[in-house]
Amino acid sequence: MGSLRHRHAGRLCPLRISQATTGSIEHRIGQWTRDEERALDTQGLVALGPLAMSCLAVQAGFTITVESEYLPKHLINGRWHDDVLT
């Protein structure tokens, strides 16, 4: 999770935020799918750490390009599920 706090020349770097988010999600997938019991555990459905950091990045004006079922887009963009355009 510490890798999500990358800075470049005193400013947050969008590329590194994206890379760190991807790495965190991949790690999360590895942890929560290593056996069937963990894969079915509802506590692993959302990656809360990367989700929180992604929300903060969006609030700071960054665009999160990482897409994953572990990282709900409507939460990152600050919308309720009902507000999502279909």
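The values are calculated or read from the model by the stated rules, or taken from the named source; none is laboratory data. Remember, predicted model here, so these are calculated numbers, not experimental data. Reconstructed Cβ throughout: ideal geometry from the backbone, glycine too, with neighbour counts over all protein chains shown.
No other residue among Arg34, Arg7, Arg38 is modelled with pLDDT under 85 and either on the phi < 0 side of the Ramachandran plot or of a type in the set (A, V, I, L, M) (or both) apart from Arg7. Within the range 19-67, being closer than 21 Å to Gly78 by Cα and of a type in the set (Asp, Glu) holds for one residue alone: Glu67.
Condition test on Thr86, is it outside any helix (DSSP H, G or I), modelled with pLDDT under 85 and β-branched (Val, Ile, Thr)? So Thr86 fits the description; yes.
Would you check which residues across the range 27-54 are assigned to a helix (DSSP H, G or I) and touching a strand residue (DSSP E or B) at 6+ places or on another chain (Cβ under 9 Å) and list them?
Just the residues of the range 27-54 that are assigned to a helix (DSSP H, G or I), to begin with: 27-32, 36-39, 42-44, 48-54.
Listed by number, the residues that qualify are Arg28, Ile29, Pro50, Leu51, Ser54.
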